[in-house]
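The values are calculated or read from the model by the stated rules, or taken from the named source; none is laboratory data. Since the model is a prediction, treat every value here as computed from it, not as a measurement. Using ideal geometry, Cβ is built from the backbone for each residue, glycine included, and neighbour counts are taken over all protein chains shown.
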Amino acid sequence: MIQRIGTTVRFNPTRIQENALELIKGGAKHILLFGGSRSGKTTVLVMAIVCRAWKYRRSRHLICRLRAKDAKSSVVGETLLPALNNIIGPDGYQYLRNDGLVRLSNGSEIWIGGLGDKEQADKILGHEYCTIYFNEISQLSYAAVTTAYSRLAMKVPGCRNLFLYDCNPGSPLHWAYKIFIKKQAFPSEEPLAKPELYASMLLNPADNKDNLDPDYISDILDALPEKQRARFRDGLWIKADGAIYDRFDEDMVLAPAALPHDFDRFAAGQDFGLNITNVKIGIKNNGIYVLEDYGSYNMTTKSFNEELLQRGWFSWNGEDIDFSVFCDPAGGERIQEITNGTKANNSVDAGIDYIVAKMERRQFFVSSKCTGVLSEIWDYSRDEDGEIIKVNDHFMDAMRYAIFSETQQGVIVL
């Protein structure tokens, strides 16, 4: 598929991959390739990065996904190293696995890391890049992606800086669908100010069949259950199997001006960790309203709490309010660093069931300004064994702490 002749690259892509490469060469700054499994999305984007790194001396590029180990095992081992071997040869680069770094002989660098791994994230976000490639964004929250946006700032003559993305499509309510397909800002749903900067393309396994096992589509993809077949074979945006809050829909997203002016009471939930989050709710006439959320990456609990206070977390419509902040019980001494912090009721299944019941009764609403909650709620799901998939669930945990803990100590009916 890829051949090297001297310093000239010979890449023999399929027709649809040629179209994708032309899309990358176009005027868009954000480019998403989405579609079914083994459709060649990663190959095209990795090839683009390698070619850019080889063409522009001393340029720096980033390939990242949620976990660094997944990026190293799937993207590096299966795609990046073969591409490097074919384009510049094994003597033209050095792969430092422990550092998540490829150094090219022309001085360029390709970094590989995970936005969910503290040590790796500190390394990769400490540099500026010409290209940032978010691999499998269905696993990344909008907040995690935008955290890295400021690092696309390296200046190399002639090199146009780019954000690249790929995914097997998820829910049509996912942030990527809103931005790239509907051309709406997330989560406001206002039209994008510059829609021409956002481009996307569908690539499916059938478009890449010349590079697949002859029986891969017929014996594997065609045999999948209906929803998985639609997603992994046909590249359709559908709600995930096992979605926990599948009763949640767009009618439950309210503009801030449409929220009640006053509430019977308030509460908040606090989740700790590398991705630290807080979700504030209001309760009125048995209705649950998610009012505000805030999350940060790699911030101390004390600094995070100070940021909440500066944001006026304990006020509503210009008036001071007092409420409990229900924290992850595993937070230990960190709970004491949160204003009004107290241990949450962490009955996971009971809490989820309660929230689902409120959704069924149309007594659950989320402010459109809650980017964290809205980036996770669509694809918060269970695996085939019924276990919650612990990816992009930090705002979901904080939201559950607030809702279930507050309603258990107060009087509220279903």
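A few notes on this one:
- The one condition in (1) surrounded by 12 or more Cβ atoms within 10 Å (Cβ to Cβ); (2) among the acidic types (D, E); (3) not in a helix (DSSP H, G or I) that D207 fails to fulfil: (3)
- Residue list for segment 379-414, filter: buried (at least 22 other Cβ atoms within 10 Å of the Cβ), over 19 Å from N345 (Cβ atoms) and either out of contact with any helix residue (DSSP H, G or I) (no Cβ under 8 Å at 6 or more places or on another chain) or among the charged types (D, E, K, R) (or both): D379
- Index of the failed condition, R362 passing every other in (1) assigned to a helix (DSSP H, G or I); (2) touching a residue at least 40 places away in the same chain (Cβ under 8 Å); (3) surrounded by fewer than 13 Cβ atoms within 10 Å (Cβ to Cβ): (1)
- On inspection, A243 fails the criterion of being under 26 Å from I352 (Cα atoms), modelled with pLDDT of 85 or more and exposed (fewer than 14 other Cβ atoms within 10 Å of the Cβ).
- With respect to (1) under 24 Å from the mean Cα position of the chain (by Cα); (2) outside any helix (DSSP H, G or I), the lone exception for Q228 is condition (2).
- Single unsatisfied condition, T146 versus (1) β-branched (V, I, T); (2) in a loop (DSSP other than H, G, I, E, B); (3) free of Cβ contacts under 8 Å to residues at least 24 places away in the same chain: (2)
- Output for segment 41-60, where each listed residue is touching an Asp or Glu at 6+ places or on another chain (Cβ under 7 Å) and of a type outside the set (A, V, I, L, M): K41, T42, R60
- Flag for N305 being of a type in the set (S, T, N, Q) and in contact with a Ser or Thr (Cβ under 8 Å, 6 or more places away or on another chain): yes
- Residue that is nearest to R67 (Cα to Cα), among those in segment 123-143 that are in a helix (DSSP H, G or I) and touching a strand residue (DSSP E or B) at 6+ places or on another chain (Cβ under 7 Å): Q139
- Number of the condition not met by E109 [criteria: (1) at pLDDT 95 or above; (2) within 18 Å of N211 (Cβ to Cβ); (3) of a type in the set (D, E)]: (2)
- Only residues that are touching a strand residue (DSSP E or B) at 6+ places or on another chain (Cβ under 8 Å) and in a helix (DSSP H, G or I) were counted in segment 376-400, giving 6.
- Under the condition of being surrounded by fewer than 17 Cβ atoms within 10 Å (Cβ to Cβ), within 16 Å of I49 (Cβ to Cβ) and within 19 Å of the chain's Cα centre (by Cα), the residues counted in segment 123-150 number 0.
- The C-beta contact set for segment 120-133 (first residue within 18 Å of L96 (Cα to Cα), second residue hydrophobic (A, V, I, L, M, F, W, C) and part of a helix (DSSP H, G or I), distance under 7 angstrom, 6+ apart or interchain) comprises Q120/A68.
- For segment 152-200, a residue qualifies if it is surrounded by fewer than 20 Cβ atoms within 10 Å (Cβ to Cβ), touching a residue at least 60 places away in the same chain (Cβ under 8 Å), under 25 Å from Q17 (Cα atoms) and of a type in the set (A, V, I, L, M), and the qualifying residues are L197, A199.
- Pairs where the first residue, in segment 220-234, is buried (at least 16 other Cβ atoms within 10 Å of the Cβ) and among the acidic types (D, E) and the second is assigned to a loop (DSSP other than H, G, I, E, B) and at pLDDT 80 or above, C-beta under 7 Å, 6+ apart: D234/G36; D234/N204
- Residue in segment 67-82 that is at pLDDT 90 or above, farther than 24 Å from Q139 by Cβ and surrounded by fewer than 20 Cβ atoms within 10 Å (Cβ to Cβ) present: no
- Any chance V373 is buried (at least 17 other Cβ atoms within 10 Å of the Cβ), among the β-branched types (V, I, T) and part of a strand (DSSP E or B): no
- Each residue in segment 105-122 was checked for being crowded, with 16+ Cβ neighbours inside 10 Å and not in a loop (DSSP other than H, G, I, E, B), and 8 pass.
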